[in-house]
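Written below as structure tokens is the structure these notes are about.
Since every read-out is calculated from the coordinates, none of them should be taken as a lab result. Nothing here was measured: the structure is a model prediction, and the numbers come from that model. For neighbour counting, all protein chains shown are included, and Cβ atoms are generated from backbone atoms with ideal geometry for every residue, glycine included.
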Amino acid sequence: MEHKDDNKVSRDFFVSLAPHIRSNDTVNKIMLDVIIALVPVLAGSIYFFGLNAIRLVITCVISCIAGEYIFQKLTKKPVSINDLSAVVTGLLLAFNLPATMPSWMACFGSLFAVVIIKGCFGGIGSNFMNPALGARIMLMASWAKQITSYTNPTGFGSSVDAISSATPLTLIKAGEYADLPKLSDMLIGNIPGVIGETSSILILLGFVYLLARKVIRPDVPIIFVATTAVFLLIFGIPANMLVYELLAGGLLFGAVFMATDYTTSPITRRGKIIFAFGCGLITALIRTKAALPEGTSYAICLMNIATPLIDRLTKTKAYGEASK
């Protein structure tokens, strides 16, 4: 509702459907909380993958900030890099890349995320899928060899001279159970994989922080992981391999930091449950029935695309009736 005073219009009052939610949250505050939650993962990636992790994080973050700034300037849109969303996108993309990923490919993926997926669809709040995951899928389709070239953790101070190794999910897919790492190594992150998904403990620390700050609710990550577990068993994964399936790959990282994205997930509580269930089902289906050992990225992006339909089917109804 507009209030007019001395020919000036102020928009201090608005009319909306109940319930009326009051919150001091801003995009900047939420993004800052996400960055803080990612600090343990960042520390772990540097500890396990050394200078390569630092290189990828710096490359992706700077590329995302610069790409968003230049795109908004060229299209004469308000510059919004201060909201920290570009920083979050850069971090998430970097954590989804292997340590040996060339810097120019990481830069290209970053620009694709903020310009094509985010900028061309209206900017933050309008993108149809998670920008970091969309960029990862693009890189997977373009340079599959480079983005699946995983190495053993080599520690801080290491360079690209690392030994390539199969991830736990690849070993499970091939039936080579005897070569699987210890569960303790999987918990702390001492396994091959992308730089941000290997340590389950550090990811869960970020999860606890986001819950404490009330940035996310626990239902989406829990339903996502639980659904994946149930359908993995239904689709034939041996029961003794289930823990490996849940700790390996991007399942925990995707459930905590990707599937909870405000923009690309449904609005209603019931819609979020459907969304999380679909993510878990598709992840289990890809891991067991497709050629790929991992399916979290594709599952989340497919459900991102289905979000408008879910919102439409689960939208709330207003009380009362408008007069004719």
Relative contact order [Cα under 8 Å, 6+ residues apart], the chain, whole percent | 17 percent
State, as an integer percentage, the relative contact order of the stretch 141-257 based on alpha-carbon contacts under 8 Å between residues 6 or more apart.
-> 26 percent
With 21 Å as the limit, write out which pairs from K29/K315; K118/K214; K272/K315; K145/K173; K77/K315 have Cα-Cα distances beyond it, or answer none.
-> K29/K315; K118/K214; K77/K315
N28 versus S126, label points 7 Å from Cα toward the beta carbon: distance in nm?
-> 2.2 nm
Go ahead and set up a Gaussian network model of the chain, Cα springs under 10 Å, then flag whichever of R287, R312, R217 fluctuates most.
-> R312
Would you mind working out the magnitude of the charge dipole of the stretch 27-313 relative to its Cα centre, with +1 at each Lys and Arg C-beta and -1 at each Asp and Glu C-beta, to the nearest 20 Debye?
-> 780 debye
What spacing in nm lies between the two simple spin-label points modelled at K145 and F235, each 7 Å away from Cα in the Cβ direction?
-> 2.8 nm
Is the stretch 234-324 rounded, prolate or oblate when judged by the Cα gyration tensor, a ≥ b ≥ c being the square roots of its eigenvalues, rounded requiring a/c under 1.5 and prolate requiring a/b larger than b/c?
-> prolate
Please give the length that would be gained between L309 and I62 if that part of the chain were fully extended, namely 0.36 nm times their separation in residues minus their C-alpha to C-alpha distance (nm, one decimal).
-> 85.5 nm
So, in nm, how far is label K77 from label I54 when the simple model puts each one 7 Å beyond its Cα toward the Cβ?
-> 3.4 nm
Whole-angstrom gap from the stretch 103-124 to the stretch 180-245, using each part's C-alpha centre = 27 Å
On full extension of the chain, what length is gained from V39 through S103, given 0.36 nm per residue of separation minus the C-alpha to C-alpha distance?
-> 20.9 nm
With a/c under 1.5 counting as rounded, go ahead and sort the stretch 27-313 into rounded, prolate or oblate using the C-alpha gyration tensor (a ≥ b ≥ c being the square roots of the eigenvalues; past the cut-off, prolate if a/b is larger than b/c, else oblate).
-> oblate
What do you get when you divide the Cα radius of gyration of the stretch 248-291 by 2.2 N^0.38 Å, with N the number of residues?
-> 1.22
Euclidean distance between Cα centres, the stretch 294-309 to the stretch 34-96, Å | 22 Å
Comparing T59, T228, T268, which has the greatest mean-square fluctuation in the GNM of the chain with Cα pairs linked when under 10 Å apart?
-> T268
Report the extension gain between Y262 and I201 in nm, rounded to one decimal, defined as 0.36 nm multiplied by the number of residues separating them, less their alpha carbon distance.
-> 19.6 nm
Under 13 Å from the Cβ of I223, count the other residues' Cβ atoms, weight Lys and Arg +1, Asp and Glu -1, and hand me the total.
-> +3
